Amino acid sequence: MSGENNPIAAPLAEVVQKHIPGATGIDALKRLSGGASQEIWSFDAVTPSGAVPLILRRAPGGFRDTGRSGTAVPLETEARLINLAAEVGVPVPPVRHVMTEEDGIGQGFIMDRIPGETLARKILRDEEFVEARPKLARQCGEVLARLHKVDKSKLPPLRVATGRDEVEQYFKTYKELDYPHPVFDLAFRWLRDNAPPDSTELTLVHGDFRNGNLMIGPEGLRAVLDWEIAHVGDPMADLSWICINPWRFGNIDMPVGGFGLREDLFAGYEAAGGGKVDPARIKFWEVLGTLKWGVMCMGMASAFLKGDRSVERATIGRRSSETEVDLMRLLAPLTGKEQ
Amino acid sequence: MQDQPSAIELIEVVGEFIRNHAMPQLKGHTAFHALVAANALDIVKRELEIGPKAGDEEHRRLKALLGKDGSIDALNRELCAKIESGEMTLDTPGLREHLWETTLTKLAIDQPKYSGYRRALEEKA
């Protein structure tokens, strides 16, 4: 849908004139992607000194159905978290305006549009990022250390989930999907037997820190995006999620997002004051992260069988076996050496 | 007995048609979905080639592991329950081998190019 004839164009132009200094209107409005829980629009604010590149994140149709997904935070919360992250030095797109009822656009917020690349295929292969790649793992560690230090007393209400909580949540989903995967049961059993102690200190956790949600430039990490499943949990979860094999996009020997080494990620984390990295919890979260992706693939198969006739969704269902081989390599290594 | 070409040959030619003739005429999302569709046909082809024998072998291993008869679905569900309860573990004779064999076969059909699968084959060798 383009700018013209778009029902949000007029109210958005009005909001921008009111809240972006010097703005006289908007231009180049276009929908960037259609997530289930989020609309993302790109546009420019027109000002006498030039175009200001902006993004609108908005609930679909203006309102987020909070009953649909138990894990996504309201957009107002997301904006608040981005501001808190900015305060502790996490690179984020500055929030320009959080929508109110009188804006007539529904729930959402406007933030800066940071130039760069989020597609792993390009970040991992293109010449443009040749200098960024060796730096990224350490930068990710440093940024996560800061993110995990956000003052918990300042946080908006967030879901709190320990390792044990997440295991049980995904076990429930797995059982509801009702298709036998003995390797998944093996992983659930292992996770229950190896859950981090209840005394583990919990912090703000981004929850989806990986390729796709990181804006990268030729010099390195520019911004951490997509805070919609942020919650309070084990900080080791963020350090592990970016290391699961699906996010390596084929670069299996570069555990951190296909671009870097764990040693660099952990060194950056510890140097930036993130505290000691705990190898046992790292492994727990890598197993759980891998299993989560496998259960999500089962969910795709289930959505297909329930009537979503997309060829893409159908074939993603067949990707849960990829996570099974990853889980077997983690839990029952063929070389006798744990991965 | 059906006439020629075989099911596998039919799938191959439809895959070639999508990749070589249809896709170049398509754009954007539709072109992407055509590629996904061609990849899905590759899965079907590999399943026709590998699936029947591998399924029989998996079924035979399940019967031996669990010491009883039943459908492959029922036996897999029972295996899941025994692993979940801790009654069967990686130390149970035959379980580790069964899970590896089954997993590698699934990947050989679903996604033989997957990095984790390629690496597992190297480690097994």
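Side notes on the structure shown:
- Simple label model, 7 Å out from Cα along Cβ direction - residue B:6 to residue B:26, nm: 2.7 nm
- Rh by Kirkwood over Cα pairs, then Stokes-Einstein D for segment A:189-296 at 0.692 mPa s and 37 °C, µm²/s: 226 µm²/s
- Take every Cα pair under 8 Å whose residues are at least 6 apart in sequence, average their separation, divide by the length of segment A:199-339, and the relative contact order is 17 percent.
- Calculated log₁₀ intensity ratio I(q)/I(0) where the Debye formula runs over C-alpha points of chain A, q = 0.07, 0.12, 0.13 Å⁻¹: -0.31, -0.92, -1.08
- Using alpha-carbon coordinates, inclination of helix A:163-177 to the longest axis of chain A, degrees: 90 degrees
- Virtual paramagnetic centre 7 Å along Cα→Cβ of residue A:83, amide N under 15 Å, in segment A:100-117: A:100-101, A:108-112
- Normalised by the number of residues in chain B, the mean separation of alpha-carbon contacts (under 8 Å, six or more apart) gives a relative contact order of 21 percent.
- Span-like helix ranges in chain B, DSSP H, alpha carbon extent 24 angstrom or more, Kyte mean at least -0.5: B:28-66
- Extension gain, residue B:17-residue B:123: 0.36 nm per intervening residue step, less the Cα-Cα distance, totals 34.5 nm.
- Three-way shape call for segment B:7-124 based on the alpha-carbon gyration tensor, with the a/c threshold at 1.5: prolate
- Panel order for A:191, A:334, by other beta carbons found within 10 Å of each beta carbon, from fewest to most: A:334, A:191.
- Local net charge near residue A:87, Cβ-Cβ under 12 Å (Lys/Arg +1, Asp/Glu -1): +3
- Taking the C-alpha atoms only, the angle from helix A:9-19 to the longest principal axis of chain A is near 80 degrees.
- Peptide B:106-119, shielding by other chains (average Cβ, 10 Å cutoff): 6
- With K and R counted +1 and D and E -1, the other residues having a Cβ less than 14 Å from that of residue A:166 yield a net charge of -1.
- Neighbour net charge for residue B:84 - beta-carbon separation under 12 angstrom, K R +1, D E -1: +1
- Around the Cα centre of chain B, unit charges on the Cβ atoms of Lys, Arg, Asp and Glu (plus for the first two, minus for the last two) sum to a dipole of about 320 debye.
- Average partner coverage of A:299-311, which counts Cβ from other chains inside 10 Å: 1
- When +1 charges are put on Lys and Arg Cβ atoms and -1 charges on Asp and Glu Cβ atoms, the dipole computed for segment A:137-230 relative to its Cα centre reaches about 260 debye.
- On Cα atoms only, tilt of A:75-87 relative to the major axis of chain A in degrees: 80 degrees
- Measure of compaction for segment A:9-112 (Cα Rg per 2.2 N^0.38 Å): 1.06
- Going by neighbour counts of Cβ atoms within 10 Å, the residues A:302, A:49, A:240 line up, fewest first, as A:49, A:302, A:240.
- Only helices enter the 222 nm calculation for chain B: every DSSP H run of n ≥ 4 contributes -39,500 (n - 2.57), and dividing by all residues gives -24500 deg cm²/dmol, rounded to 500.
- Magnitude of the charge dipole for segment A:120-331, about its Cα centre and with charges confined to Cβ atoms of Lys, Arg (+1) and Asp, Glu (-1), is about 240 debye.
- Only lysines eight or more places from residue A:306 in sequence, or on another chain, were considered; those with a Cα closer than 25 Å are A:172, A:175, A:292, B:45, B:106.
- Take every pair of alpha-carbon atoms less than 8 Å apart whose residues are at least six positions apart; their mean separation over the length of chain A yields a relative contact order of 15 percent.
- For A:153, A:321, order by how many other beta-carbon atoms lie within 10 Å, fewest first: A:153, A:321
- Per residue of peptide A:177-184, the mean number of Cβ atoms on other chains within 10 Å of the residue Cβ is 6.
- Dipole orientation for segment B:7-124: of the candidates B:20, B:75, B:107, B:20 has the Cα lying most toward the positive pole (charges on Cβ; Lys, Arg +1; Asp, Glu -1).
- Within a Gaussian network of chain A (alpha carbon springs, distance under 10 Å), most fluctuating of A:316, A:123, A:229: A:316
The numbers here are math on the coordinates, done by the rules we state, and not lab data. Computed from a predicted structure; not experimentally measured. When we count neighbours, we look across all protein chains shown, and the Cβ atoms used for this are built from the backbone with ideal geometry, even at glycine.
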